[in-house]
1. At 1.4 Å probe size, with every protein chain present, just tell me what the per residue accessible area of the chain comes to in Å².
2. Counting other Cβ atoms within 10 Å of each Cβ, which GluC sites (Glu not before Pro) in the range 20-105 have at most 15 and sit in a DSSP loop?
3. Under a GNM of the chain (C-alpha, springs under 10 Å), which listed residue has the highest mean-square fluctuation: ARG30, ARG166, ARG146?
4. Probe 1.4 Å, all protein chains in place: accessible area of SER120 in Å², nearest 10?
5. Rounded to a whole number of µm²/s, how large is the Stokes-Einstein D of the chain at 37 °C and 0.692 mPa s, given Rh as the Kirkwood radius over C-alpha pairs?
6. Can you work out ³J(HN,Hα) from phi for every residue in the range 34-42, in order, using Karplus 6.51 cos²θ - 1.76 cosθ + 1.60 and θ = phi - 60°, giving whole Hz and x for Gly and Pro?
7. Which percent of Cα pairs goes in each bin when the distances of the range 147-244 are cut into 10 angstrom slices starting at zero?
8. Heads up, I need the accessible area for TYR70: 1.4 angstrom probe, whole protein in place, Å², nearest 10.
Amino acid sequence: LRYDDNSAFGGKASGRLAGVWRPQQDLALRAVIGTGFRAPSLYERFSIYGDESLSPEKSRSFELGVEKTYGEKASVKATLFYTEIEDLIDFDGNSTACASGFGCYNQVAGTTKSRGLELSGTYALSDRTSLYGNYTYTDAKTDGTRLTRTPRHDLVLGVDATLTDRLGASLDMRYVADVLPSPYAPADNKVGDYTLVGAGLTYDLTDTAQAYLRVENLFDEDYQTAGGFNTPGRSAYIGFRADF
């Protein structure tokens, strides 16, 4: 049983009580109860769309999970979660608290509730190759009205492989489905289901230094997570990381 009191950082703070019970070595039951708050950002308070009188968001959260391992071969995990948020901050096109003339940031009336299930697992195909996956179902509503820009379904599948003693490779796919655009999104918005594929290579130069190549959105998916705001197409990153 553990209590964490996290001090404010970046406008956020939280405290939580967590407990783990192991009825047997390869099985763990977990429970978490937490509280938190998020202070409004500088943009939400002082931009042309800001409202200086905004109060912090306050939240309560609960989690209940089970984790099972199968030696070094595989593991599975399931977590039920529930969160309540009071005074959620969101954009309100009808608000006149600022001088934009197009709406302002405002506190959302009522209680916002987010509940769902997260499933994850790993499986070693061999000493050099492993599979992993994660699926999250989220039902988020404020007084019965569904939240926009919050997907109901979020699935990630991937594979990691060690090709040689120094060379590694990875491939992953993310599928997001059942997303509602904001009511302020333009009519031709591209908010909706999308699939992203990423791939990467790593090369160990030494025991403490590694070069890497990463390609995101490999098939150049055209999508938006916020209506009217474009997202990157195919992107490539090359870099170097080291431990000291």
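The values are calculated or read from the model by the stated rules, or taken from the named source; none is laboratory data. This one's a predicted model, so the numbers in the text were calculated from it and none came from an experiment. Please note: Cβ atoms are built from the backbone with ideal geometry, for glycine as well, and neighbour counts cover all protein chains shown. Quick note on the areas: whole protein, heavy atoms, side chains included, nothing else; ligands and nucleic acids left out. Shrake-Rupley method; radii C 1.70, N 1.55, O 1.52, S 1.80 Å.
1. 63 Å²
2. Working: sites: GLU44, GLU52, GLU57, GLU63, GLU67, GLU72, GLU84, GLU86; in loops: GLU52, GLU72.
Taking the range 20-105 and a limit of 15 other Cβ atoms within 10 Å, the loop GluC sites (Glu not before Pro) found are GLU52, GLU72.
3. Answer for the Gaussian network model of the chain: ARG166.
4. We get 40 Å² for SER120.
5. Numbers: Rh = 21.3 Å.
This corresponds to a translational diffusion coefficient of 154 µm²/s.
6. Values, residue by residue: x, 10, x, 8, 10, 6, x, 6, 4 Hz.
7. Whole-percent P(r) values from 0 Å outward: 15, 35, 26, 17, 7, 0.
8. Looks like 120 Å² after rounding.
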